[in-house]
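Presented below is the structure to which this report refers.
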Amino acid sequence: MAHIAGIELPKEKRVVIGLTYIYGIGKSISQEILKKVSIDENKKVKDLTPEEEKMIRETIQNDYIVEGELRTQRAMDIKRLMEIGCYRGIRHKRNMPVRGQRTHTNARTRRGKRRSVIGKKK
């Protein structure tokens, strides 16, 4: 079983799809990586040789930011927005939608479950 960037890749899946299990790698980046190391996309993860696995691991390590480092970077970006007090930072602080979505209705995913208002009069 391939172990890349601290993640166990599923054996039965194709390499292109298996690499997407790593945080920060989507399908297009996965295809790019395999093209760099010249491995067929349709090959299964269990069929990878140790040399191919090592080449993939080194390419990801040298050229891409993935997993914990990427999560830390994203968290620091959000923290920076909140500290400088920009609009996006304020929206993050208030736990509201950041990218211009409406909040009068909808936005339940971001705002959380509805809370009942007792004794509200019209």
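The values are calculated or read from the model by the stated rules, or taken from the named source; none is laboratory data. Predicted model only: the values in this text are computed from it and were never measured. Positions of Cβ are backbone-derived with ideal geometry, glycine not excepted, and every protein chain shown enters the neighbour counts.
What the table below lists for this structure:
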item: Answer from THR72, THR59 - the residue that is in a helix (DSSP H, G or I), of a type in the set (Ser, Thr, Tyr) and in the same structural domain as LEU19 (by TED's automatic domain parsing); result: THR59
item: Within the range 25-51, considering residues that are among the small types (Gly, Ala, Ser) and in a helix (DSSP H, G or I), the one nearest to HIS3 (Cα to Cα); result: SER30
item: Pairs, first assigned by TED's automatic domain parsing to the domain that holds GLU52 in the range 4-16, second surrounded by fewer than 16 Cβ atoms within 10 Å (Cβ to Cβ) and in a strand (DSSP E or B), C-beta under 8 Å, six or more apart; result: LEU9/HIS3; LYS11/LYS44; GLU12/LYS44; LYS13/LYS44; ARG14/LYS44; VAL15/LYS44
item: Residue count for the range 75-122, restricted to those that are in a helix (DSSP H, G or I) and either in contact (Cβ under 8 Å) with a residue 12 or more places away in the chain or hydroxyl-bearing (Ser, Thr, Tyr) (or both); result: 6
item: One residue from LEU81, LEU48 being in the same structural domain as LEU19 (by TED's automatic domain parsing) and either modelled with pLDDT under 95 or on the phi < 0 side of the Ramachandran plot (or both); result: LEU48
item: Matching residues, the range 30-46, being of a type in the set (S, T, N, Q) and surrounded by 12 or more Cβ atoms within 10 Å (Cβ to Cβ); result: SER30, GLN31
item: Identity of the residue in the range 47-71, among the aliphatic types (A, V, I, L, M) and without any contact (Cβ under 8 Å) to a residue 60 or more places away in the chain, that ends up surrounded by the fewest Cβ atoms within 10 Å (Cβ to Cβ); result: ILE65
item: Residue selected from the range 31-43 under the condition in contact with a helix residue (DSSP H, G or I) (Cβ under 7 Å, 6 or more places away or on another chain) and more than 14 Å from MET55 (Cβ to Cβ), by the criterion modelled with the highest pLDDT; result: GLN31
